[in-house]
Amino acid sequence: MRNLAAEMYLELLKKTILFEIWLEHEPGATKENRLQGLDWPLIAHSMIGRIRMNNLHMPMNDVIANNVPGAYR
């Protein structure tokens, strides 16, 4: 069973790192370009784009699903 709180937190973290939460305040920014990592965000903490960020998210889901012990809990 998936941990909804953890899933929501990781989604919020991704949106924050990619500056997607404030996308409408960035002149010329589009969701499609941000998805593929084709734009240069003015303030974002990462420029890898949503697709690559989702690739980082998959192992995190595995860690949570398998209850892997670690310092993150």
Next item on the list: Compute the long axis of helix 4-17 from its Cα atoms, compare it with the longest principal axis of the Cα atoms of the chain, and write down the angle in degrees, 0 to 90, nearest 10.
Entry: 30
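Pulled fully out, how much extra length does the chain show between Leu42 and Glu11, if you take 0.36 nm times their separation in residues and subtract their Cα-Cα distance?
Gain on extension, Leu42 to Glu11, equals 9.1 nm.
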Next item on the list: Give, in nm to one decimal, the length gained when the segment between Ile51 and Leu4 is fully stretched (0.36 nm per residue of separation minus the Cα-Cα distance).
Entry: 14.8 nm
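Grab the DSSP H runs of the chain that are 4 residues or longer, score each as -39,500 (n - 2.57), total them, divide by all residues and round the 222 nm result to the nearest 500 deg cm²/dmol.
Counting only the DSSP helices, I get -16000 deg cm²/dmol.
Readers should treat all values here as calculations from the given coordinates under stated rules, not as data from a laboratory. Here the structure is a predicted model, which means the values were calculated and not measured.
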